[in-house]
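Below is one structure, written out as structure tokens; the observations come after it.
The values are calculated or read from the model by the stated rules, or taken from the named source; none is laboratory data. Just so you know, these numbers come straight off a predicted model, no measurement behind them. Ideal geometry is used to build each Cβ from the backbone, glycine not excepted, and the neighbour counts take in all protein chains shown.
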């Protein structure tokens, strides 16, 4: 964090934020167990859900909504809670297997069970590496539905370099391609806290600049997405889990 030029985190603040990140990681695993239970709503304490009007307005637009998220601590539990309110969200995610010796053990025993467990947690999902991933996303959007896509997800077949918090970072262009092809609305979502203090905040839809070409569309619009993510990280540094990748 201290090595990131635009983090705004002082040497005095860094140890406290680091401790909170470790604590959040442990509680995130426990929350996955909570969400996997049929009666998880009884154990959930929701402190805030704001900005749902932005999501409703995007749905009313008629071309579906891409909900843009970052790697914040409460994303999975937030999606499950929103589903109970009638906001069924298709999660786009990729599961990367472990490497080396751990990878062999993982492939035989741990990984299949973990994948089954995560499906029980997330439920409505599509693997970003699946051949029909784009088709499933567009089908959901064309029906007026909701899809969550992670801006800061590692991986992707095509990536573009943009500065994030003053550090050169590479972002997958798949999110922008989906938005350009579908003409959907784009609503940022911020998920904070844990099952005992859950906060979900939707922001106003992002202004998307129409462009004639794919490359121009990415060049004109990606900085807007990254700026939104930067603000979320700067406002809640102890909730963003990808500091180690900067």
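Do the conditions hold for residue 21, that is, is it at pLDDT 85 or above and part of a helix (DSSP H, G or I)? So residue 21 fits the description; yes. Cβ-Cβ contacts under 8 Å between residues 6 or more apart (or on different chains), taken from a first residue in the stretch 85-103 that is more than 30 Å from residue 50 (Cβ to Cβ) to a second residue that is at pLDDT below 95 and assigned to a loop (DSSP other than H, G, I, E, B), are listed as 96/155; 103/97. Yes or no: the stretch 201-211 includes at least one residue that is more than 23 Å from residue 58 (Cα to Cα) and touching a residue at least 40 places away in the same chain (Cβ under 8 Å). No: zero hits.
Condition test on residue 218, is it crowded, with 20+ Cβ neighbours inside 10 Å, closer than 27 Å to residue 35 by Cα and in contact with a strand residue (DSSP E or B) (Cβ under 8 Å, 6 or more places away or on another chain)? Lay out the reasoning, then the answer.
Numbers: crowded, with 20+ Cβ neighbours inside 10 Å: yes; closer than 27 Å to residue 35 by Cα: no; in contact with a strand residue (DSSP E or B) (Cβ under 8 Å, 6 or more places away or on another chain): yes.
No; evaluated as a whole, the condition is false for this residue.
I'd like to check something: does the stretch 169-185 contain any residue that is more than 18 Å from residue 68 (Cα to Cα) and either exposed (fewer than 14 other Cβ atoms within 10 Å of the Cβ) or more than 16 Å from the chain's Cα centre (by Cα) (or both)? There is no residue in the stretch 169-185 that is more than 18 Å from residue 68 (Cα to Cα) and either exposed (fewer than 14 other Cβ atoms within 10 Å of the Cβ) or more than 16 Å from the chain's Cα centre (by Cα) (or both). Cβ-Cβ contacts under 7 Å between residues 6 or more apart (or on different chains), taken from a first residue in the stretch 11-31 that is surrounded by fewer than 11 Cβ atoms within 10 Å (Cβ to Cβ) to a second residue that is part of a loop (DSSP other than H, G, I, E, B), are listed as 11/2.
Against the criterion of being in contact (Cβ under 8 Å) with a residue 40 or more places away in the chain, in a strand (DSSP E or B) and touching a strand residue (DSSP E or B) at 6+ places or on another chain (Cβ under 7 Å), residue 68 qualifies.
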